[in-house]
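Reading through the structure tokens given below for one structure.
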Amino acid sequence: MYIDIEYILYGIKSGMYRYIGAGSARKVYDLNNGFVMKIARNIRGIAQNKAEFLIFNDEYSPLLAKVYFVSDDYKYLIMRKADPIKNEKEFLNCFNIKEKKEIRNNEMIKEIHDKYNLIWADLYKFTSWGRLNNRCVLIDYGYTKEIYNKYYKKNNE
């Protein structure tokens, strides 16, 4: 897939692409073609883009939204767009559970969590998930324990 980053950035600046939202380190834009672009706002975002790219390319799990492109410097990442899960009830229904911590009992999620040192708190957030082709997929999986320890832990102890 050929990606013209400069054209996409021009489209973002000119308002052609809708701003979806942001986390602590990245902004997300809808590219109007079934994809989103995650733009790192700082070194934390670069680390998260890199982690998502590496995890997806190592795992190929049906639980992960597909990463199609990452720039050489990891500032830009393009991922398959999933419909957002709108609330916790929808999230619980997605996995047929009664409370969010039961997600730990899902073998595929537990395996990805353990293998890549993902943060459970992120996996419990319905905003980390979306729906793609009527299945739930993780759309935000770049926040690992290593990234937390390196960039978020207070006083970097």
Quick calc, the stretch 18-58, dipole around Cα centre from Cβ unit charges on Lys, Arg (+) and Asp, Glu (-), nearest 20 debye, gives 220 debye
With +1 on the Cβ of every Lys and Arg and -1 on the Cβ of every Asp and Glu, the dipole magnitude of the stretch 35-138 about its Cα centre, in debye rounded to the nearest 20, is 340 debye
Checked the stretch 10-90 with the C-alpha gyration tensor, a ≥ b ≥ c its square-rooted eigenvalues, rounded below a/c of 1.5, otherwise prolate if a/b is larger than b/c and oblate if not; verdict rounded
Short to long, in 10 Å steps from zero, the percent of alpha-carbon pairs of the stretch 63-157 per bin is 15, 43, 32, 9, 0
Note: E6 to D72 extended length (0.36 nm per residue) minus current alpha-carbon separation gives 22.4 nm
Percent antiparallel among DSSP beta bridges confined to the chain, nearest 5, equals 95 percent
Note on the stretch 1-141: contact order normalised by length, alpha-carbon pairs under 8 Å, 6 or more apart, percent, works out to 19 percent
Per the charge dipole of the stretch 1-85 (beta-carbon charges, Lys/Arg positive, Asp/Glu negative, Cα centre), the residue among L9, I43, A22 reaching farthest to the positive end is A22
Contact order relative to length for the stretch 61-107, counting C-alpha pairs under 8 Å separated by 6 or more residues, stands in percent at 22 percent
Within the stretch 112-154, the residues whose backbone N lies under 15 Å from a label point placed 7 Å from the Cα of K101 along the Cα-to-Cβ direction are 120-125
Farthest towards the positive end of the dipole of the stretch 46-157, among Y141, N87, Y60 and with Cβ unit charges of +1 on Lys and Arg and -1 on Asp and Glu, lies the Cα of N87
For I12, the accessible surface traced by a 1.4 Å probe with all protein chains present amounts, in square angstrom to the nearest 10, to 30 Å²
Given pairs K38/K115; K98/K153; K89/K110; K98/K145; K75/K153 and cut-off 29 Å on Cα-Cα distance, the over-length ones are K98/K153
In Å², rounded to a whole number, the accessible area per residue of the stretch 29-148 with probe 1.4 Å is 52 Å²
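The values are calculated or read from the model by the stated rules, or taken from the named source; none is laboratory data. Just so we're clear, the structure is a prediction, and the values are computed from it rather than from any experiment. Cβ sites come from the backbone with ideal geometry, for glycine too, and all protein chains shown count toward neighbours. Quick note on the areas: whole protein, heavy atoms, side chains included, nothing else; ligands and nucleic acids left out. Shrake-Rupley method; radii C 1.70, N 1.55, O 1.52, S 1.80 Å.
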